[in-house]
Structures are given as C-alpha cells and as structure tokens.
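The values are calculated or read from the model by the stated rules, or taken from the named source; none is laboratory data. Every value quoted in this text rests on a predicted model; they were computed, and no experiment measured them. Cβ sites come from the backbone with ideal geometry, for glycine too, and all protein chains shown count toward neighbours. We work out accessible area using only protein heavy atoms, side chains counted, and drop any ligands, DNA or RNA first. Shrake-Rupley method; radii C 1.70, N 1.55, O 1.52, S 1.80 Å.
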Amino acid sequence: MSASVVQTPTATSAGSRAGARGWAALAVLMLPTLLVSVDNTVLSFALPSISEALQPSATGMLWIVDVYPLVLAGLLVAMGSLGDRIGRRRLLLIGATGFAAVSVLAAFAPTAELLIAARASLGVFGAMLMPSTLSLLRSVFADREQRRLAIAIWASGFAAGSALGPIVGGVLLEHFPWGAVFLLAVPVLIPLLVLAPLLVRESRDPLPGPVDVPSILFSLLTMAPIVYGIKALAVDGFSVVAVCAIGVGAVSGTLFVRRQLRRPVPMLDMRLFGRPAFSGAVVVNLLSVVSLVGFLFFVSQHLQLVLGLTPIRSGFVLVPGLVTMIVAGLVVVPIARRIRPGAVIAGGLTLSAGGYLLVALSGGGAPWAVLLAAFVLLGAGIGAAETVSNELVISTAPAAKAGAASAVSETAYELGAVLGTATLGTLITASYRAALVVPPGLTPGQADAAGQTLGGAVTVAGTLPGPVGEQLLASARAAFDSGVGVTSVIGIGLVAAAAVVALVTLRRVRS
C-alpha cells in the first residue's frame, strides 16, 4: 500500500462484531481513563492543604506537581512497546496494581520528599495504563464501526473525568484530609483488577523483538528534559538550564530516531509517520490539546480569581462544555461513516475557533456566561476531532503495533497539555506582569509576590488596608485579562492550523 494513500478497512473486512462481553470490557477499560483524567484536576485543589501539612519549599511544591507528567511523558512510548511484547492486558494489570499501591503510600506520605518519590512512581505505573487501554480496544473491537464508537466513548472518559475532577476534589477536601485525592485510585482500580482478566482477552505483537534498553533510555531522555525545559521557560523565563534541558531532549530524540530506523525490530516503527493519516492524526491531537489546555488555564483562574467563584461553582460552569465534548464525540460517529475524516475534523475545529473568537470579542472581564458558551463551542469541536483522530491513529497502524501507536497518541496528548500551559499560559503571564500597576505603600516583598501571578496578588491584597487592597486587586484582574485578546488569537491560529493539517494529510482517507 502506498504511503500517500491510506485505504481504511471497511466494517465487513475488519472482523466480527463484538457482543455484550466486548462492551463490558470497554466499561472496564474506561476506569483507568477516568482515573487519570480526574487525578489531573483533583491535585490542584489539594495543593494548599499539602503545602500546609508538609511545608515543602517552593521548588519542592513544583516537583510535587511536575514529576508525574515528566516521568509519564518520558515512558509512554517505551511502555506501549513493552505492552506489545509482553501482553497489553498483562501490562495494564501490572500498572493498575502498582498505581493503586503507590497511591496509598502517597496518601500517607509524611514528608514532601516521599510524596515526590511516590508521584514519580505513579508516573511509571500511569505510563503502563493509558497505552494499554487504547490498544486493547483494537483487539476487543475488530469491526471498524464498533471500534469508532468505542474510541468515542473511551475519549469521552477524559472529558468526564475533567468534569468530575473539580466537583470530586471540592467534596473530598471539604470532608477529608488531602490524602483522599490519592486514595480515590483504590476503589476505581480494584474492579479493573477483578474484571479485566475475565472480560478482556490478552493481545500482543506475534513477532516481538527483544526489550531495547537503550531505546527506552533515549525515549525517557527525549521527553522528560523537553517537558521540564518547557515548564521552566514558562514559569521562570529564559535560563541556561531550561535551554540545555531542551537541547538534551533534542539530541536524545535524534539518537532515538536513528536507532529505530537501524534496528530490524524497532521499539517504535518510525515508518508509521510516513503514513499521512497517522502523522496527521497525531498532529491534530497535539494542537487540539494545546488549545484546550491553554483555554482552561485562563478560564479556571478567571472564574475563581477575577469573578470570585468557588472551585465547585467554577467546575459547574465548565460542566456544559465538557458534556458537549462527550456528546460531540459520540454524535460524530455516524457522521464519520458518510463524510471524509479530514472534513469532519476541520468542521469540528472551526467550531472550536468560534469559541476562542467569542472570548476575543468579549474582551477583558468576560462574564461567566460568555465563558460557558465559548467552552461549549470549543468542546464540541475538539470532542468531534479527537474521536476521529484517535480512531485513525489506531486503524492506520498495523494491529501488532497497536500499543506503540497508542503510546504516540498519548504522548501527543501529554506534550500538548504541557505546551498549552507553556505557550498560552506564558503569554497571559507576560501580559499580566507588563500591565500590572502596583499601588504605592507595598513592601518590596509584597510587590514582588503581587507581580508574579494573579494568585499572588489576590493573597497580598487580602493583607492590605481596604482601599489599597482593592486598588491592587482591580489592577491585577485587569492586567490578567489584558492578555485575553492575544491569547485568543493564538488559540484561533492553533485550531485553524490543526484544521489545515487535517484537510491536507487526510484528504485521501475515505469515510
């Protein structure tokens, strides 16, 4: 088959249709997806309690947050390939067991250092979970139409988890200590450990190569330093350490690619990227997640720190958009049977651009109703686009390489989440710092804290006399919203670029 023309299999040629057992297996495979998505949101609500209980340094607090995605992103490709070799279900069960056990240790960590170590271990076991769930769907649903619907439901797990995260976090932390956010993993993963061996058949690469330790190290040394460097640039600005970290990642990435091209049985078959449908779908995933996470970075702070809503009420404002994302991912399935994937993705992302346009037109100080409507449009487009692109990643890769292909898709998601915060978040932060006017009468320490972030300004304002505090708060809120216009234009550009990529790379892919 030519690399420039991808003929996707029909439902008839793909295999037999799954029955009730297959859909029950899907429900089981949704559990780790929901868990990881909830965990991404829930931790941010626990940070104040963790800070008070463990009293970590500023650097320690950053590592509590960052070490998990650093390890996770670095090991996704390696774990996806390992699942292809030793069995995807086996790797899923190992990951679930380890994740549940380490979650208990994290919940009762007596020091910040031990919590950081536990979060790093969670990254290792979390990297076993996500590629395994997506790749197992291919073996469970051989029929193309059923698989598209199953992946739509699977993708909705991320949105559902994100919607539940703020609500669950608010409820848990209102009644229990901070460790409850980690203990949440135990009741979610125990049913997986019981039911997965009964409902999910094992699948693996029939001709696996040996475990390639150098490739695993190159993979880790590619993703982890790049993710760290991007985060460091976003938080601290230009630094030699951040640039060197990105350089190490780039060199390791080059060595990783060269090694894969030379090995007879590579850990990741780089020829997959020669398939326009595969590479195009991965890029669409990356850019879509960048735009989504960047939007949430701004909205979550605006709702709480500018409009003064509680975390729970802020979460409820986001729920309609997240529900729309789920519904759009399901509704697009019958549409994708009749319309080419490139057109479906481009049409969905046009809706997402409309969401950013709505925010740009509203200017600074957008009311919550405008943000709700904008997120509904953004969620509708990204929900549809992610369903189709994820299905293409799986269907265009050879069945034997489903784990590695799924890992590439998950890596794009994790990298997109980092870039969303780093790019759009950095623009907002830079605009805030440039526009903030600090009223006279503040100490140097207070002025520095207020000039760093909107959250710092809100904290400082609470310690100042009434008129001065109100003046600082008004200036900080206006400064934060000053970056909305530029950020929204960048967001429009991102989703437009993803739409163009879809139209160009998927133009030969049939519905």
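Do we have any residue at all in the stretch 23-39 that's at pLDDT 70 or above, closer than 20 Å to Ala117 by Cβ, in contact with a Gly (Cβ under 7 Å, 6 or more places away or on another chain) and not charged (D, E, K, R)?
Keep residues of the stretch 23-39 that are at pLDDT 70 or above, which gives 23-39.
Subset that is closer than 20 Å to Ala117 by Cβ: 36, 39.
Subset that is in contact with a Gly (Cβ under 7 Å, 6 or more places away or on another chain): 36.
Okay, now just the ones that are also not charged (D, E, K, R), so 36.
Yes, because at least one residue in the stretch 23-39 is at pLDDT 70 or above, closer than 20 Å to Ala117 by Cβ, in contact with a Gly (Cβ under 7 Å, 6 or more places away or on another chain) and not charged (D, E, K, R).
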Residue list for the stretch 61-95, restricted to those being under 25 Å from Ile226 (Cβ atoms), more than 21 Å from the chain's Cα centre (by Cα) and open to solvent by 40 Å² or more (accessible area, probe 1.4 Å): Leu82
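Report whether or not Ala385 is modelled with pLDDT under 80, open to solvent by less than 10 Å² (accessible area, probe 1.4 Å) and in a helix (DSSP H, G or I).
On the way: modelled with pLDDT under 80: no; open to solvent by less than 10 Å² (accessible area, probe 1.4 Å): yes; in a helix (DSSP H, G or I): yes.
Answer is no for this residue.
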Number of the condition not met by Gly466 [criteria: (1) at pLDDT below 80; (2) surrounded by 17 or more Cβ atoms within 10 Å (Cβ to Cβ); (3) not charged (D, E, K, R)]: (2)
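Out of the stretch 252-274, which residues are part of a loop (DSSP other than H, G, I, E, B) and of a type in the set (Lys, Arg)? Spell out the reasoning first.
So in the stretch 252-274, the residues part of a loop (DSSP other than H, G, I, E, B) come out as 263-269.
Once the filter is applied, which keeps residues that are part of a loop (DSSP other than H, G, I, E, B) and of a type in the set (Lys, Arg), the stretch 252-274 yields only Arg263.
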Sole exception among (1) farther than 25 Å from Leu217 by Cα; (2) at pLDDT 75 or above; (3) assigned to a helix (DSSP H, G or I); (4) open to solvent by 20 Å² or more (accessible area, probe 1.4 Å) for Ser300, by number: (2)
Unmet criterion (only one of (1) out of contact with any Lys or Arg (no Cβ under 8 Å at 6 or more places or on another chain); (2) at pLDDT 75 or above; (3) in a helix (DSSP H, G or I)) for Ile167: (2)
Contacts under 9 angstrom Cβ, first residue in the stretch 250-263 being more than 15 Å from Val77 (Cα to Cα) and open to solvent by 60 Å² or more (accessible area, probe 1.4 Å), partner assigned to a helix (DSSP H, G or I) and among the charged types (D, E, K, R), 6 or more apart: Leu261/Arg271
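Let's see how each residue does on (1) assigned to a helix (DSSP H, G or I); (2) at pLDDT 80 or above; (3) of a type in the set (Ser, Thr, Tyr):
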residue: Gly315; (1), (2), (3): yes, no, no
residue: Val319; (1), (2), (3): yes, yes, no
residue: Ile326; (1), (2), (3): yes, yes, no
residue: Gly342; (1), (2), (3): yes, yes, no
residue: Thr350; (1), (2), (3): yes, yes, yes
residue: Ala353; (1), (2), (3): yes, yes, no
residue: Leu361; (1), (2), (3): yes, yes, no
residue: Leu378; (1), (2), (3): yes, yes, no
Matching residues, the stretch 170-224, being among the β-branched types (Val, Ile, Thr), more than 18 Å from Val124 (Cα to Cα) and open to solvent by 50 Å² or more (accessible area, probe 1.4 Å): Val171, Ile190, Val194
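Looking only at the stretch 305-327, which residues are open to solvent by less than 30 Å² (accessible area, probe 1.4 Å) and closer than 25 Å to Arg477 by Cα?
Of the residues in the stretch 305-327, the ones open to solvent by less than 30 Å² (accessible area, probe 1.4 Å) are 306, 309, 314-315, 317-318, 321-322, 325.
Once the filter is applied, which keeps residues that are open to solvent by less than 30 Å² (accessible area, probe 1.4 Å) and closer than 25 Å to Arg477 by Cα, the stretch 305-327 yields Val306, Leu309, Ser314, Gly315, Val317, Leu318, Gly321.
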In the stretch 96-117, residue most open to solvent (accessible area, probe 1.4 Å) [restricted to those that are within 25 Å of Gly80 (Cβ to Cβ) and in contact (Cβ under 8 Å) with a residue 60 or more places away in the chain]: Thr97
